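Asker: Below are the structure tokens for one structure; questions will follow.
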Amino acid sequence: MAQQVVTVNDVLEGHVALDIECLDRIYLNAYVPILQTSAQVVAFLSGHLGFPFPSPVLFRQLGERFRKAVASFAEANGIPWVRFGKDQAKLEVMGPHLARQEAAGRSGVAAIGVAQEFQRVWCAYFPYPAKIWVNGHEWVKRQAARAGIAFTALSNGFAACDDPVALQEICNRLGPGTIHVFAQRWLHALPLPFTTRDHDAGYWWEVSMRQIEVSRTIVFDAPRHARGFFEALVADNLDIGRPHNVEIIFGRRVRRDTWGTFRTAIDRRDNGGVIVNVFYKHSRIKQYLKDGRAMRIETVVNSPRDLGCLARLPHLDELQAKARAANHRILEAERAGQGTVLASPAFERVAHPSVTADGRRTPALRFGDPRVMALAGALCHTLLAATGFTNKHLRVLMTGLLGSTAYTPGQMTYDLRRLRLNGLIRRLPHTNRYVLTADGIRIAVFYTKIYNRLLVPLTAANQPQAPPELRTALAAITRHVDDYAARARLPRAA
């Protein structure tokens with residue numbers, strides 16, 4: 001008996017126990033905006049501190065004062081002072097200190113790490129940039145526990161929750177305001193190179209986004225389906241990182257001169273798992289199975305400008321909204337790709353000419369016709385475009401797919417008419433833009449998928465790379481057809 005094929009729709013419809021969207025890893029830069037140019041540094045040393053000459057030697061004095069303040073802080077609070085050796089893994093060295101601080105059940109400084117300096121420096125890293133890491137899921141766990149919401153933890157996530165709605169509301173609360181308060185609280189608690197007078201003069205840190213991970217975790221109630229589903233998902237979506245698909249998923253226009261990487265990468269993990277990476281410029285979407293029972297989709301934004309956002313922390317809400325939309329669109333694209341079936345009334349309707357209720361003749365869209373197949377492929381390119389597509393946009397796609405075959409504006413107008421009369425597209429009100437209907441998505445994906453995944457491989461099945469059993473079966477069919485033609489006394493064509 002043939003193995004039953006598990007599709008994304010089979011798993012997502014009725015087999016989802018928990019669906020949570022949350023900020024995951026948040027990696028921030030802290031910088032002093034008015035100390036970013038040489039003129040600003042001169043103004044700080046001479047105009048603000050009052051030194052007659054803005055000499056680099058002054059950086060050493062400021063640095064030594066800062067070092068002494070950090071050493072005094074560590075001694076007064078009993079904080080371990082850790083010097084990293086050459087090529088030491090800093091996370092492994094700090095691991096025991098972090099575990100001890102977590103066991104204490106309160107926030108605090110776990111240890112102070114001192115990196116090796118291969119030469120004496122004056123500036124002590126002036127103008128004192130800082131890095132801030134926040135883990136969104138861990139923050140939500142603590143807030144949920146404080147609110148009395150019972151949950152079962154997943155590694156860096158949630159496996160189950162008694163009140164999913166309340167849990168999602170907590171996830172939604174983690175925004176720029178909360179993170180700003182967190183950053184400023186620690187900036188005021190730690191020893192710093194700037195004094196109160198410096199702070200009052202505007203010499204203080206602002207926070208910008210360096211890397212933001214926005215995740216969607218879908219926990220299955222039947223984990224036995226999860227692995228087969230994900231393996232099928234990988235095989236079915238190897239082309240999702242192509243430029244036109246990336247344009248749809250990330251909601252950003254990709255032109256011929258758009259710089260960046262657009263590709264899909266499949267990586268195997270040490271534990272046998274699979275991770276799908278869809279790359280767009282500096283950013284990517286990761287999709288993988290988590291702990292064998294949940295699907296995690298993460299949009300990793302390494303440059304906010306990739307999604308048309310500014311980098312300062314107040315723009316985090318806008319960035320998160322766009323990243324969540326990308327997480328939704330990649331799943332919608334996968335659902336559309338696996339949600340088409342042969343026994344569709346729409347397929348039967350469009351494959352033959354018909355007459356509408358008002359007496360207008362509706363031309364057919366016959367499967368296998370080169371122009372119809374190109375039209376289906378072009379529609380797949382616009383599958384999830386939020387703003388729809390125009391006559392011009394679709395004609396450009398058609399011209400590329402048809403190659404050397406001429407395709408005129410009149411033909412495009414005719415094709416749009418038969419798509420509309422067949423109920424496959426609809427016009428957006430008060431615009432010249434169109435979007436696919438539900439039947440349109442099914443037909444476009446079905447035609448393209450059958451052609452690319454079934455007919456093209458079958459027509460080349462007599463080649464040596466085809467499976468032996470398939471070549472044998474096709475040879476038998478050819479022999480029986482030849483025998484039948486011979487008995488009917490139908491000679492072969494010359």
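Asker: Just one of the numbered conditions (1) surrounded by 13 or more Cβ atoms within 10 Å (Cβ to Cβ); (2) not in a strand (DSSP E or B) is not true of Arg210; which one?
Answerer: Single failed check for Arg210: (2).
Asker: Can you pull out every residue in the stretch 27-47 that is more than 14 Å from Leu58 (Cα to Cα) and surrounded by 13 or more Cβ atoms within 10 Å (Cβ to Cβ)?
Answerer: Tyr27, Leu28, Asn29, Ala30, Tyr31, Val32, Pro33, Ile34, Leu35, Gln40
Asker: Out of the stretch 191-244, which residues are modelled with pLDDT of 90 or more, of a type in the set (Asp, Glu) and within 19 Å of the chain's Cα centre (by Cα)?
Answerer: Glu213
Asker: Kindly indicate the residue of the stretch 162-174 that is at pLDDT 95 or above and not in a helix (DSSP H, G or I) and also farthest from Val214 (Cα to Cα) among those meeting that condition.
Answerer: Only one residue fits best here, namely Asp163.
Asker: Counting just the residues of the stretch 292-310 that are in contact with a Pro (Cβ under 9 Å, 6 or more places away or on another chain) and surrounded by fewer than 17 Cβ atoms within 10 Å (Cβ to Cβ), which one comes out farthest from Gly157 (Cα to Cα)?
Answerer: Leu310
Asker: Out of Ala153, Ala159, Ala145, I need the residue that is within 30 Å of the chain's Cα centre (by Cα) and part of a helix (DSSP H, G or I). Which one?
Answerer: The conditions single out Ala145.
Asker: Just one of Val181, Val134, Val109 is within 27 Å of Tyr31 (Cα to Cα), part of a loop (DSSP other than H, G, I, E, B) and modelled with pLDDT of 90 or more; which is it?
Answerer: Val109
Asker: How about the stretch 288-323: which of its residues are of a type in the set (A, V, I, L, M) and part of a helix (DSSP H, G or I)? Spell out the reasoning first.
Answerer: Initial filter on the stretch 288-323 (of a type in the set (A, V, I, L, M)): 289, 294-295, 297, 300-301, 307, 310-311, 313, 316, 319, 321, 323.
Scanning the stretch 288-323 gives Leu307, Leu313, Leu316, Leu319, Ala321, Ala323.
Asker: If you check Gly423, Gly410, which single one turns out to be under 23 Å from Ser354 (Cβ atoms), in a loop (DSSP other than H, G, I, E, B) and either modelled with pLDDT of 85 or more or hydroxyl-bearing (Ser, Thr, Tyr) (or both)?
Answerer: Being under 23 Å from Ser354 (Cβ atoms), in a loop (DSSP other than H, G, I, E, B) and either modelled with pLDDT of 85 or more or hydroxyl-bearing (Ser, Thr, Tyr) (or both) holds for just one of Gly423, Gly410, which is Gly423.
Asker: Here's a follow-up. Quick one: count up the residues across the stretch 189-207 that are aliphatic (A, V, I, L, M), within 18 Å of Val70 (Cβ to Cβ) and in a loop (DSSP other than H, G, I, E, B).
Answerer: The qualifying residues number 2.
Every residue, every condition in (1) surrounded by 12 or more Cβ atoms within 10 Å (Cβ to Cβ); (2) closer than 15 Å to Ile20 by Cα; (3) not basic (Lys, Arg), yes or no:
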| position | (1), (2), (3) |
| --- | --- |
| Thr152 | no, yes, yes |
| Ala159 | yes, yes, yes |
| Gly175 | yes, no, yes |
| Val181 | no, no, yes |
| Ala189 | yes, no, yes |
| Ala201 | yes, no, yes |
| Trp204 | yes, no, yes |
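Asker: A follow-up question, please. Show the residue pairs meeting these rules: Cβ distance below 7 Å; 6+ apart or different chains; first residue within the stretch 166-183 and more than 12 Å from Val140 (Cβ to Cβ) and of a type outside the set (Ser, Thr, Tyr); second residue modelled with pLDDT of 95 or more and assigned to a helix (DSSP H, G or I).
Answerer: Here the result reads Gly175/Leu316; Gly175/Asp317; Pro176/Leu313; Pro176/Pro314; Pro176/Leu316; Pro176/Asp317; Ile179/Leu313; His180/Leu313, each pair linking the stretch 166-183 to a residue that is modelled with pLDDT of 95 or more and assigned to a helix (DSSP H, G or I).
Asker: Report, by residue number, each residue of the stretch 76-101 that is in a helix (DSSP H, G or I) and modelled with pLDDT of 85 or more.
Answerer: Scanning the stretch 76-101 gives Ala76, Asn77, Glu92, Val93, Met94, Gly95, Pro96, His97, Leu98, Ala99, Arg100, Gln101.
The values are calculated or read from the model by the stated rules, or taken from the named source; none is laboratory data. These figures come from a predicted structure and were not determined experimentally. Glycine also receives a Cβ, built like all others from the backbone with ideal geometry; neighbour counts cover every protein chain displayed.
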